[in-house]
Amino acid sequence: MTRREFGTSFSIFLSSFLLKDFDAFSASQYLTNQNLMGLEKPFLCGTHYKLIPEVFDAFEEMKKAASADGLRLWCSSGYRSFKSQKQVWNDKYKKIKNEFPSYSSQDIINCVIEYSSIPGTSRHHWGTDLDIVDAFGYENSNPLSHKNYDAGGEYQYLSYWLTENAAKYGFYKVYTNENLRSGFKFEPWHYSYKKLSKPFLNQFLEINILNTNGLSTCFGYEKFTENFISEYKQKYILGINPELL
Ligand SMILES: [Zn+2]
């Protein structure tokens, strides 16, 4: 563990250690609702990418094992704040709007949510989820592309190794390639640390997303009705690998 960055309160700092020492400690007390929505930074570890301490340590262990097998695992995206998710969302929204001027705002939203979460609802806000690439190929202009992870692609072996070994270190693929899964498209790079993200998901489901501070500054906000959000929760937030439910 290298540099540490203090996020919000001492109680979060304290609970991170309690959780490590006592499995019985309720993980739902680890992050506040504001943390889960990316509005307040939790206690994080890391320099180039940031994860909550237990997840950071588990990823370090997995990196060591992968390195012995000739792979240099790298996290291209770990913790993300509401602000950075909003940047991702608004940039994609603008790009699609420019490319397809005849699209309605609903059409644009439907395109953006193929891969990107509504700000405040990203699992990257939790510090438990990360996008994994191979550091050897990280110069690649678009590392998070299916063709890299498919058979014959640059990350073919990485993809195989993660599928075989990630669970040993507590990490599970979230957006799997199962036909029956709804929501976000298949993401062979996105993994989640189950021990913490499962209770975080349960806690997150209790939050009324429509009350998220700053949500009204996201493009397409006028379409975020109660019905739309409830369907989004069902199809997208819960449309994940059943191991993580
Ligand atoms: Zn991701």
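Going through the stretch 120-146 one residue at a time, which ones are modelled with pLDDT of 95 or more and either within 14 Å of the ligand (Cβ to nearest atom) or among the acidic types (Asp, Glu) (or both)?
Selection gives Thr121, Ser122, Arg123, His124, His125, Trp126, Gly127, Thr128, Asp129, Leu130, Asp131, Ile132.
Scanning the stretch 157-197 for residues that are assigned to a loop (DSSP other than H, G, I, E, B) and of a type in the set (S, T, N, Q), which turns out farthest from the ligand (Cβ to nearest atom)?
Asn179
Determine whether Gly170 is closer than 23 Å to Leu71 by Cβ and in contact (Cβ under 8 Å) with a residue 40 or more places away in the chain.
Yes; evaluated as a whole, the condition is true for this residue.
Would you mind finding the one in Pro143, Pro53 that is in contact with a helix residue (DSSP H, G or I) (Cβ under 8 Å, 6 or more places away or on another chain) and within 30 Å of Gln34 (Cβ to Cβ)?
Just one listed residue meets the conditions, Pro53.
Can you tell me which of Glu164, Glu231, Glu154 is over 29 Å from Met62 (Cα atoms) and free of Cβ contacts under 8 Å to residues at least 24 places away in the same chain?
Glu231 is the lone residue from the list that is over 29 Å from Met62 (Cα atoms) and free of Cβ contacts under 8 Å to residues at least 24 places away in the same chain.
Within the stretch 88-108, how many residues turn out to be more than 19 Å from the chain's Cα centre (by Cα) and either buried (at least 22 other Cβ atoms within 10 Å of the Cβ) or within 14 Å of the ligand (Cβ to nearest atom) (or both)?
Residues flagged as more than 19 Å from the chain's Cα centre (by Cα) and either buried (at least 22 other Cβ atoms within 10 Å of the Cβ) or within 14 Å of the ligand (Cβ to nearest atom) (or both) within the stretch 88-108 amount to 0.
The values are calculated or read from the model by the stated rules, or taken from the named source; none is laboratory data. All values reported here derive from a predicted model rather than from experimental measurement. Here Cβ is always computed from backbone atoms with ideal geometry, including for glycine, and neighbour counts include all displayed protein chains.
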